[in-house]
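To start, the structure under review is shown below, and the notes come after it.
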Amino acid sequence: SSDIIDRKKLLLWAENVNTNGRRAEVLIVDNEQAVVTYNITSENPKGDLLPPSKKVIDKIGNYERKIIDNGRIFLKYGNEWPCEQIGIDYDEGRIIDEISNHFITLDESKWSLEVKVYANLLERGLHPRPGFKYGTLWRCYDQKIGTDHAPWLIVNPSTSTVDWESACLASRLASGVNKIWLQPLEINSKWYYLGIVRPPANSRWTNPVKK
């Protein structure tokens with residue numbers, strides 16, 4: 001369980017298995033020699049929200065702004081904020097974090113991996129909000145906040161290495177709150193989302209009974 005995951009190889013393997021009508025499944029032996037089952041998926045997270053247009057992004061970029069801390073910006077706007085997926089309401093204005101600010105103000109050629117994934121999530125009709133649980137950067141809603149829970153937790157794409165132990169722990173914790181833990185991967189300028197999913201109890205491997 002301490003082995004580093006080759007995420008690209010794992011994703012491509014899962015897609016190949018699924019194409020053949022089968023389920024990609026791995027068995028992980030933990031430090032206590034227990035065998036645990038996980039499904040490997042190539043997820044396609046999508047939501048019902050309208051992605052922000054360039055006109056909306058430019059409008060947000062022109063609002064009066066004030067630097068707060070840790071890269072966060074306070075924006076003062078008029079009667080109506082043009083995109084609910086960007087920022088959080090606060091005291092007659094809106095607070096955006098550093099990633100959102102770079103998405104709005106920087107040329108696409110200067111985007112970091114985090115900004116690229118953020119833009120991709122918005123394009124998919126999702127509402128990314130700061131995650132901070134289970135090693136994730138965002139929790140993603142597929143509908144207006146308050147309608148339902150966020151189905152997905154998204155890992156920071158800049159995380160260079162992930163071992164099976166930490167990935168499986170995060171996956172178990174996420175499944176406990178009805179969410180899927182996803183790792184974004186950029187392959188040939190396209191974003192994919194690798195899922196390591198704890199299956200239902202009735203479809204898991206059962207450890208042999210020791211006598």
Do we have TRP13 as in a loop (DSSP other than H, G, I, E, B) and of a type in the set (Phe, Trp, Tyr) here?
-> no
Could you run through region 18-37 and say how many residues are over 23 Å from the mean Cα position of the chain (by Cα), closer than 19 Å to ILE4 by Cβ and assigned to a loop (DSSP other than H, G, I, E, B)?
-> 2
Given (1) farther than 22 Å from LEU11 by Cβ; (2) assigned by TED's automatic domain parsing to the domain that holds VAL26, index of the condition ILE86 fails = (2)
Selection from region 89-148 of residues at pLDDT 95 or above, among the acidic types (Asp, Glu) and either surrounded by 14 or more Cβ atoms within 10 Å (Cβ to Cβ) or over 22 Å from ILE187 (Cα atoms) (or both) yields ASP97, GLU98, GLU114, ASP142
Candidate set: region 81-95, residues that are among the aliphatic types (A, V, I, L, M) and out of contact with any helix residue (DSSP H, G or I) (no Cβ under 8 Å at 6 or more places or on another chain); chosen: the one nearest to ARG139 (Cα to Cα) = ILE88
Residues located in region 26-75, provided they are of a type in the set (Asp, Glu) and either buried (at least 18 other Cβ atoms within 10 Å of the Cβ) or touching a residue at least 12 places away in the same chain (Cβ under 8 Å) (or both) = ASP30, GLU43, ASP48, GLU64
Flag if LYS59 is outside any loop (DSSP other than H, G, I, E, B), closer than 23 Å to SER158 by Cβ and basic (Lys, Arg) | no
Failed condition for GLY125, given (1) part of a loop (DSSP other than H, G, I, E, B); (2) under 30 Å from ASN16 (Cα atoms); (3) more than 16 Å from the chain's Cα centre (by Cα), with all others met?
-> (3)
Would you check which residues across region 130-154 are in contact with a helix residue (DSSP H, G or I) (Cβ under 8 Å, 6 or more places away or on another chain) and farther than 20 Å from ALA119 by Cβ and list them?
-> LYS133, TYR134, GLY135
Conditions (1) within 30 Å of VAL29 (Cβ to Cβ); (2) aliphatic (A, V, I, L, M); (3) more than 11 Å from the chain's Cα centre (by Cα); number of the one not met by LEU113 | (1)
Qualifying positions in region 155-199 - farther than 26 Å from ALA119 by Cβ and either exposed (fewer than 14 other Cβ atoms within 10 Å of the Cβ) or without any contact (Cβ under 8 Å) to a residue 60 or more places away in the chain (or both) = ASP163, SER166, LEU169, ARG172, LEU173, SER175, GLY176, VAL177, ASN178
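The values are calculated or read from the model by the stated rules, or taken from the named source; none is laboratory data. These numbers were taken from a predicted model, which means no experiment stands behind them. Backbone-built Cβ (ideal geometry, glycine too); neighbour counts: all protein chains shown.
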